[in-house]
Amino acid sequence: MSVETVEGSAAPTPKRGVSILFGLTLLGLLLALWLALGLATNAFWTPNNISNLLRQGAMTAILAVGQTFVIITAGIDLSVGAVVGFTSVIVAWLLAAGVPLWLAVVATLLIGVLIGVFHAFGIVRMGLPPFIITLATLTSLRGIGLLITNGSTISITNEAFTNFSRADFLGIPSLFWMVIVVAIPAYVFLHLSRFGRYLFAVGSNREAARLSGVNVDRTIYLAYILSSTCAAFVGLLLASRIGIGNATQAEGWELQAIASSVIGGTSLFGAVGSVHGPLLGAFILATINNGANLLNVNSFWQRIITGLLIIVIVYFDQLRRRGSR
Amino acid sequence: MTRGALRAATGLDATAGGEEQAVAALHSEEGNMTGLHEISHRRDTELKTAVPKGEPILELRGLQKNYGAVQALKPASITFLSGEIHAIVGENGAGKSTLIKLLTGVIPRTAGEVRWCGEPVRLASPNEAIARGINAVHQEVVLCPHLSVAANMFLGDEMKRNGLMRKRAMTGAAQGVLDDLGFNLPADATLGTLTIGQQQLVATARAAMRGTRFLIFDEPTAYLTRQESTQLFRLIRRLQNEGVTIVYISHRLEEVFELADRVSVLRDGTHVGTRLIGETNEAELIALMINRTIEQIYHKEHFPFGETIVETRGLTGPGFSDVSLSVRSGEIVGLYGLIGAGRSEFALGLYGRHPISAGEVYWQGKKVEIGNERNAMALGIALAPESRRDQGLCLNLPIGLNINLPVFRKLTRGLTINRAEEAANADRQIRDLQIKTPSRRVLASAMSGGNQQKIVIGKWLSHGAKLFIFDEPTVGVDVGTKAEIYRLFARLLEQGAGIILISSYLPEVYELADRLHVFRQGRLVASHDYRAASHEEVLAQAINA
Ligand SMILES: Nc1ncnc2c1ncn2[C@@H]1O[C@H](COP(=O)(O)OP(=O)(O)OP(=O)(O)O)[C@@H](O)[C@H]1O
Ligand SMILES: [Mg+2]
């Protein structure tokens, strides 16, 4: 599940095989869940429910991919949920002020970039731990959002914008397409470009990376900017989906994103992670929530199941990693 | 710090990683107030029941270790005699450290038997090994950098009163031990602020003061200068006189002949023989180790010097001041000095890692401000740093990524990396330097110490630098590969490069450097042409005797 999955070419080695195995295990788990739910309830395999599931999972998946970049550098971004809520307010506010749609979208994404810049500035220049600086933005962004909206919500009247999340393309919800739009460049970035390698190197040993000519500061900026921008993008999608801007939305989504990433094989110690892992992780979580709803399982149980799942998957992943010891 | 390493360091069979746990270890472990005297007393009482000198104390019978498909140690049967100094030699990756980790309970064995004082023992955890009096100073320092020297020495074995740690008493006792051993180290300093060599001495002191009956040194002198090595040898002999059995691993055969009573040779995980030291010689050991002979280790070719590549004038920065020297194309400039003399700091300053406070750097005649590492690389400087763990390698990433890290820019075509070239470059360095690995995808952490060192060197060879700074390039590297690395130097010189060679091992700089500069306390105090001064003179200048 780390870079060895993608590094180099041809002949498969044991390492590579094992990593692919983990990816396949996750995929198998996801399919098994779908199969089981299909058998357990008639409501699961209905077009409506599947679209719903894909929409639900899409937003966490995008957040998780952004989060993974940060975690690979041995950092953490606790602010993403707050950024989602905050940017939903921003876009609603801009649209209400009569700003053209395209400009509102670009401006909102730009705000995401700026939040990432701020995080990296705090980490690189002020020497703050990532946990602290992103925790600080988590609370203050919610505050600023509430100030802007005066504690209430801003409704969005722009039809084109709100219709987007309901639309389908080739029978697949547009929100899910957005996952693909994010995942492909993310894959190229992380696994095929040198910047991806630099993320791993910085997460593994900063000093060695620096002495090898890696611009460590810039790499950290890049990671946090990508994470916040992904979050701002999700903010747009959420605003489109619920038709309002509300600073308290997306409560706890940062934990969902981190959980998806970790289930997908990312190591919180840094230097281990991929793009496909967190995607699968996000959809596994979404499936569990969806299934629990369909089966009328108490939502408290959903949380417990999610917690157990994290423990089980990460435990087995660690066993696998330690296997060669 | 790996979990295994931490376990080894604290002697705790812990499950969670990280320093918190090491700190937790400071607070755990019930009661028993163990002061220094109690510790040495414990050793005395144990020795009364000990095996008589010259009788087998530890026997390996078909001991074996596989890492997945890698046979790190093939069934080995070696007997260690009570009170002897038993050296183990072998090429990089021969299985020496693996053997040690098995004996200290850091890793589980795959098969075989270990008999301690005649009884089979499991050695399932570091705790068990320590309880039996088996201790080791590992190849890589496995202590806690954020704790003080004293706290590290007492880690897992703290002095306590009513459950509270007696910090001052421990610092005092630790200082006593250090002074007694003749190590000039402050017990209250934070470990991380010491050089690697000094940390190694702390690890040695730590092992020496526990109730040790069997003490293993895995390349203890790799980072030590001659003076510090001498202190260490004195300590080893003293321990031997007290009845401790010593296992001594080193790539420096002259040390083996100086210290050991017997020597065992490993080759490719196989125990190929044990000799009495008086009945063997270097040539035989080398032949056993590598299955061929080497005529000449220090391969020195003289090339005509070309233009001056770099010149520093009065360069001053953290840890060094007023250093003026120059390197010409085709020239090896050696920097010798004691540990902490400012050689590595000078190298890091020249490379742009540390800020320069005064003085100038001229690159091919033009004044330059280097400022950061990337500018240094762009000019054509390569630095293979001193500490492979802290500065040289991304240990939990593949070997291939480590080798290619400085050159990813060159491997990029458009947006993406050319993966065929990436693979080819990694494989070429692995082949040229004979890095012992089944694949470039193996993590660097799975390599033996010497093979890790080769990765540190290999990553700079395709960068096309004009000036190579090698800081302790042969630490932990076996004789055969050493000779290869020296030959590689000659190849670089032939291509018109210049080399700054920093080494704490005098014969190396002495035999290879066209010009030898001696550092003392951050200053360049003397310079000699090739073989112009004697070893003694150079040493005297380094220690100001
Ligand atoms: N954790 C590991 N996983 C897989 N292989 C390993 C691991 N640790 C060591 N090895 C392999 O086991 C073999 C023996 O390694 P070991 O560290 O014992 O060598 P060594 O004799 O100490 O060498 P050196 O002189 O370089 O320190 C090597 O081939 C090494 O690559
Ligand atoms: Mg070793």
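Which distance in Å, rounded to a whole number, links the C-alpha centroids of segment B:412-455 and segment A:84-119? With segment B:412-455 and segment A:84-119 each reduced to a Cα centre, they are spaced 44 Å. Contact-buried residues of segment A:198-217, at a threshold of 30 Å² lost accessible area versus the chain by itself: A:Tyr198, A:Ala201, A:Ser204, A:Asn205, A:Glu207, A:Ala208, A:Arg210, A:Leu211, A:Ser212, A:Gly213, A:Asn215 (1.4 Å probe; DNA, RNA and ligands ignored). Near B:Leu63, once Lys and Arg are set to +1 and Asp and Glu to -1 for all other residues with Cβ below 12 Å from its Cβ, the sum equals +4.
Rolling a 1.4 Å probe over the heavy atoms of the protein chains gives segment A:45-317 an accessible area of 39 Å² per residue.
Take the accessible area of chain A alone and of chain B alone, subtract that of the pair, and you get about 3300 Å² summed over both chains, using a 1.4 Å probe. Using a probe of 1.4 Å, the accessible surface attributed to A:Phe189 totals some 40 Å² when neighbouring protein chains are kept in position. The mean sequence distance of close C-alpha pairs (under 8 Å, at least 6 residues apart), as a share of the length of segment A:45-317, puts its relative contact order at 38 percent. Quick one: check the C-alpha center-to-center distance for segment B:456-497 versus segment B:190-233, whole angstrom. After rounding, the separation between the Cα centres reads 27 Å.
Highest mean packing comes first when the peptides A:211-217, A:76-82 are listed by Cβ atoms within 10 Å, giving A:76-82, A:211-217.
What is the antiparallel percent of DSSP beta bridges lying wholly in the protein assembly as shown, to the nearest 5? Rounded to the nearest five, the antiparallel share is 60 percent.
The figure for A:Ser267 is an accessible area of roughly 20 square angstrom, using a 1.4 Å probe on the protein chains alone.
Taking amide H as placed 1.01 Å from N in the peptide plane, B:Gly273 has its amide H under 5 Å from the amide H of B:Val265, each at least 5 places away in sequence or on another chain.
Given a 1.4 angstrom probe, I'd like the percentage of the accessible area of the protein assembly as shown that is carbon and sulfur, rounded to a whole number. Here carbon and sulfur together make up 57 percent of the probe-accessible area. Rounded to the nearest 20 debye, the dipole size of segment B:33-291 about its Cα centre is 740 debye, using +1 on the Cβ of Lys and Arg and -1 on the Cβ of Asp and Glu. Each Lys and Arg contributes +1 and each Asp and Glu -1, all at the Cβ; summed about the Cα centre of segment B:234-355, the dipole is approximately 280 debye. In the complete set of protein chains, residue-level accessible area for A:Val297 is approximately 50 Å², probe 1.4 angstrom. Using Cα pairs closer than 8 Å and at least 6 residues apart in sequence, work out the relative contact order for segment B:33-291, in percent. The normalised contact order for segment B:33-291 reaches 26 percent.
Accessible area per residue for segment B:388-464 is 34 Å², calculated with a 1.4 Å probe on protein heavy atoms, without ligands, DNA or RNA.
The values are calculated or read from the model by the stated rules, or taken from the named source; none is laboratory data. All values reported here derive from a predicted model rather than from experimental measurement. Every residue, glycine among them, receives a Cβ derived from its backbone with ideal geometry; neighbour counts consider all protein chains shown. The area values use the complete protein model at the heavy-atom level, side chains included, leaving out ligands, DNA and RNA. Shrake-Rupley method; radii C 1.70, N 1.55, O 1.52, S 1.80 Å.
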